[in-house]
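**Q** Sharing a structure with you now.
The values are calculated or read from the model by the stated rules, or taken from the named source; none is laboratory data. Source: prediction; values computed, not measured. Cβ atoms come from the backbone with ideal geometry, glycine included; neighbour counts cover every protein chain shown. All accessible areas refer to the heavy atoms of the entire protein, side chains included, with ligands and DNA or RNA removed. Shrake-Rupley method; radii C 1.70, N 1.55, O 1.52, S 1.80 Å.
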Amino acid sequence: MQHHRLDVRQITKGTNVKCKDQSFGFELSGTKNDLESAKRKLDTFVAQITEEPYSVSKPGISEFWKSDKGRGIQNYVETAHHVILKSSYDKSNERQDAFDIGAISGDHHSGNYVMASCTVYGTKMISVTRGDLTDLDVDVIVYSANPMLQLNSGLGKAILTKGGSSITSECEQFIKTYKTLGEGDVFVSKAGTLKAKSIVHVASPQWSNDDDDSKLMKVVVKAMCQASQNDHKSLAIPALSCGTYGYPVDRATCAIVAAVNNFFREMPHSDLTSIYLCDMTEETTNGFIKGLEREWGAHSVRRYNRPKMRTDTVHTPGMRFAMDRTGNADIGTQRLSTKSTKGIGPTLPVNNPGIGTSVVLGNIRVSMKKAALADQTIPVLVNTTAINLSLCNGAVSKTILKQAGPEIQQELKLNYPKGLSDGGVAVTKGYNLKCAHVIHGYIAPWDGQQKTLTDLIRFVTRCLEETQKLGHDGVAVPAIGTGALGYPKDVVATEMLTAVSEFAANNSNSLINRVEFVLFPTDSDTIKAFELEFAKWSMVSQQNRDRDYDNVGNSRTKDGYEDHIYEELPESMPGEFRHIFVIGNVTITIKDGDITKEDADCIVNSSNENLDLTAGQVSKALVNLCGKKLVEEAKAKQGEMKKTGLAITQAPGLPCRNIMHVVAKHTADEWKQVVGQCLMKAKIDNHRSIAFPALRTGLTIRGGDAANAMCMAVHEFAKEGCGSLTDIRFVIFKTEMVDKFRQAAQRTQWSEAGLTKKPTVDVGSTRVQEMAGDTIHLRVYALDDSNIKNAIKQLDRMIEGEFMVSQFTDPIIKRLNETQMQAIGNVVKNNHVCLEHTDGRLEIYGLLTNVHAASTDINRIIKDAIQVENEHKLASMCKAFVQWYFIEEVNGEEVYSRFQEKLNFKIEQSYQNKEDMFIYRSSDLDIVVDFKTLHKYEKGETDDSKKLQLVRKDLIEDQQIETPSEWKQSKGNCFVNVLQRTDPKFEEIESTFKLTSGPGWNVLKIEEVQNKSLWRQYHAKKKQLEEQNPPGTINERFLWHGTTESTVDSVNLHGFNRSYCGKNATYFGYGVYFAIEAKYSARETYSRQDDNGVKRMYYCSVLTGEYAQGDPEMRVPPPKPSGGKDALYDSVTNSLDLQKQEMFIIFNDTQAYPLFIVHFKKQQ
């Protein structure tokens, strides 16, 4: 606003009035008559101000406008468009109170501003501040003093001028007592009239031209210790040892930041939470920023745009003019200022994202702590020990043995007399430890080869699997192999987090929700390695934390429906073209910019088969920046480029580590494959981040098509498991293309979440009426109408960006009852969002955080409704084959009374689970169904005459549905019979398997599943289909289903559960998939091999009945054309073309029976 400052100065030009800029007004000094004249001229100037009302009616807008984000938008719009925004209800806006001559203005905001910041160790914020250290409102400032504590120059002089002579008195008293302040010593004095409470005077070390920064770092730590011991919370540090002490600026600033890190690492519970690294020069503050990036990584440091002005000077109500600070204060001056104008807000940022000590991967929160492993209170501990399982070796094993007691060693000897086999683990109780179980394992010493690294990953994965099998929700793991075994600490940190990420992606139903990495408190190198690794993985988590999000992964619930928490995160800085989307563990960032300036692990460049870098804008730019080294390496990689279409080179001189060159394609589908190839390569190479340009969008492919293809490739990659690659960026050179990529990313999310088009955001009658009271009324002030119009447009855009729509389209919505809808209404009310309810669809609109919170609760209500409906269906089905009765005596005769449908189902469930009794509530009484005596009675009843006899009637048997006569006789409901190789069934199933499995497989074992209740349910359903479908329909087929070792027991006992749907793919609906040919199910995706290389596949009888074409969004089969909305197809398929048909998908768990399990392995 330079022109406004000049306008005001022009008013006083040629007069005896001196004009000086102040934080809250212009300070004019002169005679009373001159000041009155100046005031009249200023009144004329103020009269030019125009204003316009601005109102926003949106759910939650009042709450948002008061938040840090709302204030940030206000500050940005005011600065960018030369306007002031004031509440219409703020009485300070009355013009007649514009000026008060002779009034003393309030507290001045300093000219300091934050250039960068990061949050470390969860709660500690470090800010790099440009400006005057003495103006900072902190508890403690640090001053680099001379040996005699003389405050006679530089910062010392400023401290004396603003703090007063009392500081000098304390310094003189110290010198009188101790003679001098020795190098490396510190002295604490009060801060006089400064805003700070104390000053820590330090004797900074001189530069000695060696590589030892320890003296300087010790001084910083001493200063922080002094502040911490006095319970201070904030401290400001200048660039100690620079200037006359001779330290190079870059060296000193990095050493100071490293010392701050050391202090917080060693004293995590210190009250110090805010550190300000302050200097007036750009060179020094840039040095501090480099130090932050060096310690915690560039991605953890948030930079801020330098403000165009350093202070807020207010001359009119609702009008602020930002001016440069000039001169010192004149004594005896009078000031012109407003009575109640507020400053622009805090100059220093709050709640900035940074790194922490935890990160959310899928449904698992992974955290790190510095503590002794044996002291942890958690269900499972992991211990690495000798292969013979002797706990007398190794510090951790010894501690576990000592604290658990000798019983733990005795259990190992009893259950594992031969020690551990290769890749195996041993599980014991926790005994006197604060855990239920301990998982013991052996890891070979580091040999620098892939095998030991693979063993480490498998061991971590095996521990997670064992924790899951034990039914526990948490496990504590040490930094495996970082001690005597010699594993690189950074490699261990990377691979352990990667292993947990892969487990979370592949086991979305897992009970495990927390994994703790427990690090030895004095192992600083390992701690730092894990801190850096957590920093790399925590970007998504930190962005979510800004919006109070706990989880951005996809969770799959027991009823088989997915929880999709896909959200567009807020822009990192107002006005930037940056959009961030989260899918599972992957963050997609879309922004405008120059890809050569990205600090990703890898950037992508499209070229030709000859890897000719003279063609293409990006290629040419890379050559200009990287020089001959890149050209020479590219020539050496030409053969690789021609062979695979992809080649990787170094990136000399660029912020990134590597450049991934790919052969340019001509269609969007081809580009989709290329992007997928790049992502897989980056994942294999353990990259954390990758940046793509808008690949060849200007040649033969429309920009929108390219954006769709690239975003879909990322989406598919995220679903398959991203490994360590969690940061994917699209860096678009042309700003107009950013929106196409943003829309493509949104469409990808909506498609996954079950939407077919962008939901409309109608903020009109329905929604506004529901939230009629939530409106903010502002007035916009400026000297020019065009400024006001532009500001309002900007406000509209930025506010709309903070709101979102979430849509729910599950078929159950049509069937929600009044109670369930009332519960949804309460959620909407409590979270301040709007609700639109149409046939089969719910849509909520509001603030991002509010919509997210409401979505979580609405998803829960919908899932509960699905569960209730499923129970009702199961109860109805159960009634078809089992009915429980109790016998009453009425008028001397026995009367069989039925249990009602739902209760009948629950009784049968308990009976099948072999429970001793089932208790239900009736008329405020607890009623016992006793399966041992087959009686029903009131709980506590001892009189047998009052107990009613029970009868269980098997209706299926009554209908002559018998289990196969050749089944083995067994007492229980389920028996798995291992077929002998001489058994004709073995030969028949083996031949059937090999007929379509393809060559190269050995059948090791075949088991026959004999489950009585599943068999009867299946045949009851089969009879139903045969009765309802037209004659000639092929109702039953024999198909294949690949499975894993961990799910076999569940399928044998309970059948095929839709809760596992989507574990491998959901391309044709959210059901259970069965293949026509065995070779399809033999793929590793579907039948994963166990530790011994053995795979498993079910041979099943499946009721496919009448079928339709499948669709990714189907949760039930579509309706039949002529049967009404409740007459659904029995199944769906991948293709109605018989020549292309590969699979069938069912959505009713009773439509498949697991006949045989084939165990097979690759031929050697």
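**Q** Just by accessible area at a 1.4 angstrom probe, what is the order of 1096, 71 from largest to smallest?
**A** Ranked list, largest accessible area first: 71, 1096.
**Q** Tell me the net charge near residue 472. Cut-off is 11 Å between Cβ atoms, residue 472 excluded, with +1 for each Lys or Arg and -1 for each Asp or Glu.
**A** That sum, taken over residues with Cβ under 11 Å, equals 0.
**Q** In a shell of Cβ-Cβ distance under 13 Å around residue 901, excluding residue 901 itself, what net charge do Lys and Arg (+1) and Asp and Glu (-1) give?
**A** So the surrounding residues net to +3.
**Q** No solvent, one uniform scatterer per C-alpha: report log10 I(q)/I(0) for the range 1082-1164 via the Debye equation at q = 0.19, 0.20, 0.25, 0.26 1/Å, two decimals.
**A** -0.94, -0.99, -1.21, -1.24
**Q** Would you check the accessible area of residue 599, probe 1.4 Å, heavy atoms only, in square angstrom rounded to 10?
**A** 70 Å²
**Q** Additional query: Mind grabbing the base-10 log of I(q)/I(0) for the range 876-1026 at q = 0.15 Å⁻¹? Debye formula, identical points on the C-alpha positions, no solvent, two decimal places.
**A** For the range 876-1026 at q = 0.15 Å⁻¹, log10 I(q)/I(0) is -0.91.
**Q** When the convex hull of the Cα atoms of the range 809-927 is projected onto a plane and the area is averaged over all directions, what value comes out in nm²?
**A** 11.0 nm²
**Q** OK, next. At q = 0.09, 0.11, 0.19 Å⁻¹, what is the log10 ratio I(q)/I(0) for the range 1006-1137, with the Debye formula run over Cα points and no solvent?
**A** -0.29, -0.43, -1.25
**Q** Between residue 841 and residue 921, what is 0.36 nm times their sequence separation minus the Cα-Cα distance? Round to one decimal in nm. Provide the component values of the computation, followed by the final result.
**A** Numbers: separation 80, 0.36 × 80 = 28.80 nm, distance 3.54 nm.
Difference between extended and current length: 25.3 nm.
**Q** Could I ask something else about it? Using a simple charge model, +1 on the beta-carbon of Lys and Arg, -1 on the beta-carbon of Asp and Glu, nothing else, what dipole does the range 903-1034 show about its Cα centre, in debye to the nearest 20?
**A** On the way: 21 positive and 23 negative charges, 37 e Å.
Result for the range 903-1034 is approximately 180 debye, rounded to the nearest 20.
**Q** Using a basic spin-label model with each label point 7 Å from the Cα along Cα→Cβ, how many nm lie between residue 942 and residue 1141?
**A** In this crude label model, residue 942 to residue 1141 measures out at 6.7 nm.
**Q** Could you compute how much accessible surface residue 247 exposes when probed at 1.4 Å, giving the result in Å² to the nearest 10?
**A** Counting only protein heavy atoms, residue 247 exposes about 20 Å² to solvent.
**Q** Would you mind getting the Kirkwood hydrodynamic radius of the range 450-544 from its Cα pairs, rounded to one decimal in Å?
**A** Averaging 1/r across every pair of different Cα atoms and inverting gives 14.0 Å.
**Q** So how far apart, in nm, are the two label points at residue 994 and residue 826 if each is 7 Å from Cα heading toward Cβ?
**A** For the pair residue 994/residue 826, the computed spacing is 6.4 nm.
**Q** Under the Kirkwood approximation applied to all pairs of distinct alpha-carbon atoms, what is the hydrodynamic radius of the range 798-852 in Å? Could you put the intermediate results ahead of the total?
**A** Working: mean 1/r = 0.0851 Å⁻¹.
Computed over the range 798-852, the radius equals 11.7 Å.
**Q** OK, next. For the range 169-239, state what percent of all Cα-Cα pairs lands in each successive 10 Å bin, counting from 0 Å until the bin that includes the largest distance.
**A** Here the calculated profile for the range 169-239 is 17, 46, 31, 6.
**Q** Quick one: net charge of residue 150's neighbours, Cβ under 12 Å, K/R +1, D/E -1?
**A** Every neighbour counted, the sum reads 0.
**Q** So, one more: Once both labels are modelled 7 Å past Cα along the beta-carbon direction, what's the residue 666-residue 432 spacing in nm?
**A** Each label point lies 7 Å from its Cα, and together they span 7.7 nm.
**Q** So, one more: Based on the mean of other Cβ atoms within 10 Å per residue, sort peptides 939-948, 503-512 so the most packed one is first. Write down the numbers at each step before the final one.
**A** Values: 939-948: 10.4, 503-512: 19.6.
Result, highest mean Cβ count within 10 Å first: 503-512, 939-948.
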